[in-house]
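Notes follow the structure.
The values are calculated or read from the model by the stated rules, or taken from the named source; none is laboratory data. Everything numeric here is computed off the predicted structure, so don't read it as measured data. We place every Cβ from the backbone using ideal geometry, glycine too, and count neighbours over all the protein chains shown.
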Amino acid sequence: LLNMLCPKEILRHRLLIPALIIAGLLFALYAQYIQHVAPCPLCLYQRYVFAGMLGAFVFTPLSFLRLPLLLLGLILSIYQMGIEQHFWTDFFHTCAVSSSDSLRMQLMRDVAPSCDKVGWKIFGISAVIWTVLFNLTLLLLFGYQYVKKTPPSH
């Protein structure tokens with residue numbers, strides 16, 4: 001089924017993951033600036049992780065950061081999904097204002113939605129859940145590319 005949907009050459013292409021990351025970041029900016037969907041603080045943190053991922057996939061000297069950043073992105077999105085769906089509370093207080101926060105972040109929190117409320121839905125599914133699926137897809141593609149690149153051991 002996978003071969004019918006997407007040729008192996010595309011799945012193995014080294015620019016596939018960076019292209020998907022760029023598309024994800026562009027979609028986040030589209031949501032914010034065109035659709036006027038204010039990002040919560042965790043959404044902004046995830047953008048920084050995506051930017052780091054992009055750097056790790058584009059610049060070979062940073063390639064050792066690929067897997068840790070992919071895992072961090074997945075963990076952060078699952079954490080956000082848990083807060084949004086009320087599986088747990090924000091025990092790291094990533095959405096709370098503290099005295100050490102920058103003025104920009106405090107102002108963003110005044111207009112940004114709370115992390116524990118479903119914000120934007122795409123096809124009836126929370127954008128946060130889509131982000132978890134996106135991060136999982138990136139991780140699975142990375143694993144697929146790694147396995148297909150690594151020669152079999154004899």
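Below is a table of values for the structure above.
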| item | result |
| --- | --- |
| Identity of the residue in the stretch 118-136, outside any strand (DSSP E or B) and touching an Asp or Glu at 6+ places or on another chain (Cβ under 7 Å), that ends up modelled with the highest pLDDT | Val128 |
| Helices (runs of 4 or more DSSP H) completely within the stretch 8-94 that count 1 or more residues being within 14 Å of the chain's Cα centre (by Cα), on the phi > 0 side of the Ramachandran plot and at pLDDT 90 or above | none |
